[in-house]
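In what follows, a structure is listed as structure tokens, so that the remarks can point back to it.
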Amino acid sequence: MSKFIPSQPSRRHFLRGTGALIALPALESIGFRRFASAASKVPSAPSKRCVFLSIGFGVTKETWFPDVRQTGADYELSEGLSPLARHQSDITVIQGCSNQFSNEAHWGSTFWLTGANRYSVPGQNMANSISADQVVAQHLGQDTRFSSLQLNAASLEGHGPGLSLAWNQRGKPVAGQNDPVQVFHKLFSADDMPLEQRQAAIAENRSVLDAVLTQARSVKRGLAKTDTDKLDEYFQGIRDIETRLEKDELWLDIPKAKAPLQEPEPGLKGRAEIEIMQDLIIAALQTDSTRALTYRMPGQSLLNSLNLKPSSHNVSHYSPGERMEASKLRDKTHSELLARLIDKLKAVREADGSSLFDNTAVAFGSNISSIHYLTNCPTVITGGGANLKLGQHIVLAEDTPLCNVWLTMLQGLGIQTQQHGDSTGVVKELQT
């Protein structure tokens, strides 16, 4: 992560509270000031963006995956992917990837972007690590109002634990929002509270943080290592809040972008919910409100909106008959919606004449492949933001780390990292 060193550290640079000085993380919060004057300027080149879209229970393996004998550009789209035909030259389908530590067949997204070993911490049965989207946020989210945006569906069957697809640098869940109306207001509605009152609220929150850290000074003395580790995690959470407060203060007097869409109707579910969330994703990227987004897509409500009777869990246990037909229709609907998103990305023009599609990397998939199998994670990559080779079908060696795909994307976005999760290297077939 790039670090910005302030010439004169503010009083917030260090917090007293544990008998020693606590440095704030990598001080992007102070680095934010570097971008204050640039926030309202048009960049000389379009910014890179990244979007991750995850489904819960996977796909129908018999009809979603292309024929493994057809690789490269000369392949036939499968039945499940057929709605993407008009974009075939702009998508890459990848087979063979998995997360080696995944062992929970109902968790389609918990470790999807992290590749973490849930048992990596002795004495704990649930540990995680930073997700790929938060790596993007650390590098590309410093000069936007929101470092990242996490979206959820109202129904999340098959996704597993987590507050969103996002996990922070200590592997703790990052909260998401599941109401399109609230997302709209977060992005575009002005805060009616007078500036002075908002400044006072931030100052009050800072005072509370200082008081909490002072209290923690006496608590830390004499603690066992396990408790010390827990307290360190707590301090990291305090530092994260501090960073957000610094960023909130920077943007207090900068108006939010004008909304390029109408306020959503309340109560949308299923397919209609996905469509409005897509529209909000486009609007957030178009206005440069954020450059890192995730969306945990709905399960049961999507089936309901398609007038399908089986539950999303039962559909995942399909066999020839009603459940399998429901699974296949769900797959086609996902592909139709992904094609819709690509259409919209291509339709938005940037200041230099390129499209939003040209500057945005998009990943679609799940940690579960089919019928609760945890190998051959369904993976579709599209968008030009990460300079990846599109228009092909790639079949990798069985159990290639899915994090190799994320590492390749991260490097393509210009992020200089050599490792992500359990990655063993980049996917050379993806590189241009």
Within the bounds of the range 106-115, is there any residue that is over 19 Å from the mean Cα position of the chain (by Cα), more than 19 Å from residue 48 (Cβ to Cβ) and in a loop (DSSP other than H, G, I, E, B)? yes
I'd like to verify a number: residues in the range 386-425 that are closer than 14 Å to residue 92 by Cα and in contact with a Pro (Cβ under 9 Å, 6 or more places away or on another chain), how many? 2
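Of all residues in the range 339-369, how many are surrounded by fewer than 22 Cβ atoms within 10 Å (Cβ to Cβ), in a loop (DSSP other than H, G, I, E, B) and in contact (Cβ under 8 Å) with a residue 60 or more places away in the chain? Let's see the steps before the verdict.
Kept after step one, since they are surrounded by fewer than 22 Cβ atoms within 10 Å (Cβ to Cβ), are these residues of the range 339-369: 339-340, 342-344, 346-356, 358.
Subset that is in a loop (DSSP other than H, G, I, E, B): 348, 350-354, 356.
Those left that are additionally in contact (Cβ under 8 Å) with a residue 60 or more places away in the chain: 348, 350-352, 354, 356.
Final tally of qualifying residues: 6.
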All-but-one check, residue 296 against (1) touching a helix residue (DSSP H, G or I) at 6+ places or on another chain (Cβ under 9 Å); (2) on the phi < 0 side of the Ramachandran plot, failing number (1)
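Being modelled with pLDDT of 70 or more and either closer than 30 Å to residue 108 by Cα or not in a loop (DSSP other than H, G, I, E, B) (or both) narrows it down to one of 201, 259, 154, so name that one. Show your work before the answer.
Numbers: 201 fails: modelled with pLDDT of 70 or more; 259 fails: either closer than 30 Å to residue 108 by Cα or not in a loop (DSSP other than H, G, I, E, B) (or both).
The match here is 154.
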If residue 185 satisfies every condition in (1) in a loop (DSSP other than H, G, I, E, B); (2) modelled with pLDDT under 95; (3) surrounded by fewer than 17 Cβ atoms within 10 Å (Cβ to Cβ) but one, which is the exception? (1)
If residue 381 satisfies every condition in (1) under 27 Å from residue 73 (Cα atoms); (2) surrounded by 22 or more Cβ atoms within 10 Å (Cβ to Cβ); (3) more than 19 Å from the chain's Cα centre (by Cα) but one, which is the exception? (3)
Determine if the range 401-421 includes at least one residue that is closer than 26 Å to residue 169 by Cα, modelled with pLDDT of 95 or more and part of a strand (DSSP E or B). yes
List the pairs whose first member sits in the range 171-182 and is surrounded by 16 or more Cβ atoms within 10 Å (Cβ to Cβ), whose second member is hydroxyl-bearing (Ser, Thr, Tyr), and whose Cβ atoms are under 6 Å apart, counting only residues at least 6 apart or on separate chains? 171/129; 174/164; 176/164
For the range 285-322, how many residues are outside any helix (DSSP H, G or I) and under 23 Å from residue 183 (Cα atoms)? 13
Check residue 348 against each of (1) farther than 27 Å from residue 159 by Cβ; (2) at pLDDT below 95 and name the one condition it does not meet. (2)
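Count, please, the residues in the range 312-329 that happen to be of a type outside the set (Asp, Glu) and free of Cβ contacts under 8 Å to residues at least 40 places away in the same chain. Walk me through how you get there before you give the answer.
Kept after step one, since they are of a type outside the set (Asp, Glu), are these residues of the range 312-329: 312-321, 323-324, 326-329.
Those left that are additionally free of Cβ contacts under 8 Å to residues at least 40 places away in the same chain: 314, 319-321, 323, 326, 329.
Residues flagged as of a type outside the set (Asp, Glu) and free of Cβ contacts under 8 Å to residues at least 40 places away in the same chain within the range 312-329 amount to 7.
So in the range 43-83, with the set limited to residues that are of a type in the set (Lys, Arg) and within 29 Å of residue 324 (Cβ to Cβ), which one is farthest from the chain's Cα centre (by Cα)? Even if it seems obvious, please write down each step before you answer.
Here is the first cut: in the range 43-83, the residues of a type in the set (Lys, Arg) are 48-49, 61, 69.
Next cut, within 29 Å of residue 324 (Cβ to Cβ) only: 61, 69.
Working: 61: 25, 69: 32 Å.
In this case the residue turns out to be 69.
The values are calculated or read from the model by the stated rules, or taken from the named source; none is laboratory data. Treat the numbers as computed from the prediction; the structure is a model and nothing was measured. Positions of Cβ are generated from backbone atoms using ideal geometry, with glycine treated the same way; all protein chains shown enter the neighbour counts.
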